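Chemist: Quick one: this structure, given as structure tokens, is what I'll be asking you about.
The values are calculated or read from the model by the stated rules, or taken from the named source; none is laboratory data. The structure displayed is predicted, hence computed values, not measured ones. Note that each Cβ is placed from the backbone with ideal geometry, even for glycine, and that neighbours are counted across all protein chains shown. Heads up: the accessible areas ignore ligands, DNA and RNA and are worked out on the full protein's heavy atoms, side chains in. Shrake-Rupley method; radii C 1.70, N 1.55, O 1.52, S 1.80 Å.
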Amino acid sequence: VQLQASGGGLVHTGGPLRLSCAVSGGTSSSYAMGWFRQAPGKMREFVAGTSRTGGATRYADSVKGRFTISRDSAKNTVYLQMNTLKPEDTAVYYCAADFRTSGLPISSYAYLYWGQGTLVTVSS
């Protein structure tokens with residue numbers, strides 16, 4: 001299974017950005033999917049996740065109400081729509097997948113597969 005994250009870039013404060021995570025070698029609907037981010041000098045942190053069926057989603061408090069995770073099973077792709085971006089959202093964003101759980105883990109250790117990361121920079 002390979003994950004390819006894309007969509008990062010430079011955006012002004014308050015602007016939107018949509019990240020994509022294309023899954024190959026597997027079916028995205030067979031995996032719990034998560035988005036994590038890591039800012040310079042900080043630990044990787046959970047941002048958003050969706051369960052295998054897509055019936056459950058979870059968000060970090062810092063992005064709740066601004067970010068939305070969704071999946072398109074036909075395209076085998078998971079998205080992270082980010083609105084009202086803030087400078088503190090600046091980080092490398094990673095998508096991750098795991099088929100072993102029926103739940104929605106928020107720990108990075110629970111995810112088996114990882115994409116390469118895409119940089120999001122929010123200018124003030």
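Chemist: If I model a spin label as a point 7 Å beyond the Cα along the Cα-Cβ vector, how far apart are those points for T53 and T13 in nm?
Modeler: 4.3 nm
Chemist: For K42, list the aspartates and glutamates whose Cα falls under 14 Å from its own Cα; do not include residues on the same chain fewer than 8 positions away.
Modeler: Straight-distance partners of K42: E88, D89.
Chemist: How big is the chain along each principal axis, measuring the range of its Cα positions in Å and listing the largest first?
Modeler: 39, 26, 25
Chemist: Would you mind working out the accessible area per residue for the chain, using a 1.4 Å probe, and quoting it in Å²? Let's see the in-between values first.
Modeler: On the way: 6110 Å² over 124 residues.
Value for the chain: 49 Å² per residue.
Chemist: Sorted by packing (mean other beta-carbon atoms within 10 Å per residue), highest first, where do 29-42, 108-121 land?
Modeler: My ranking of the peptides, most packed first, is 29-42, 108-121.
Chemist: Can you compute the charge dipole magnitude of the chain about its Cα centre, using +1 on each Lys and Arg Cβ and -1 on each Asp and Glu Cβ, nothing else charged? Give it in debye, rounded to the nearest 20. Numbers along the way, then the final one.
Modeler: Numbers: 12 positive and 6 negative charges, 23 e Å.
That gives the chain a dipole magnitude of about 120 debye.
Chemist: To the nearest 0.05, how large is the calculated FRET efficiency for Y109 and S6 if R₀ is 22 Å and r is the Cβ-Cβ distance?
Modeler: Numbers: r = 25 Å, r/R0 = 1.13.
Once the sixth-power term is evaluated, E becomes 0.35.
Chemist: What accessible surface, in Å², does a 1.4 Å probe find on R18, ignoring ligands, DNA and RNA and rounding to the nearest 10?
Modeler: 130 Å²
Chemist: Toward the positive end of the charge dipole of the chain, about the Cα centre and with charges on Cβ (Lys, Arg +1; Asp, Glu -1), which of V47, T84, T68 goes farthest?
Modeler: Among V47, T84, T68, the one farthest towards the positive end of the dipole of the chain is T68.
Chemist: Tell me the net charge near S124. Cut-off is 15 Å between Cβ atoms, S124 excluded, with +1 for each Lys or Arg and -1 for each Asp or Glu.
Modeler: Values: positive: K86; negative: E88, D89.
Residues close to S124 contribute a combined charge of -1.
Chemist: From largest accessible area down, sort E88, E45; use a 1.4 Å probe on the protein chains.
Modeler: Values: E88 125, E45 80 Å².
Correct descending sequence by accessible area is E88, E45.
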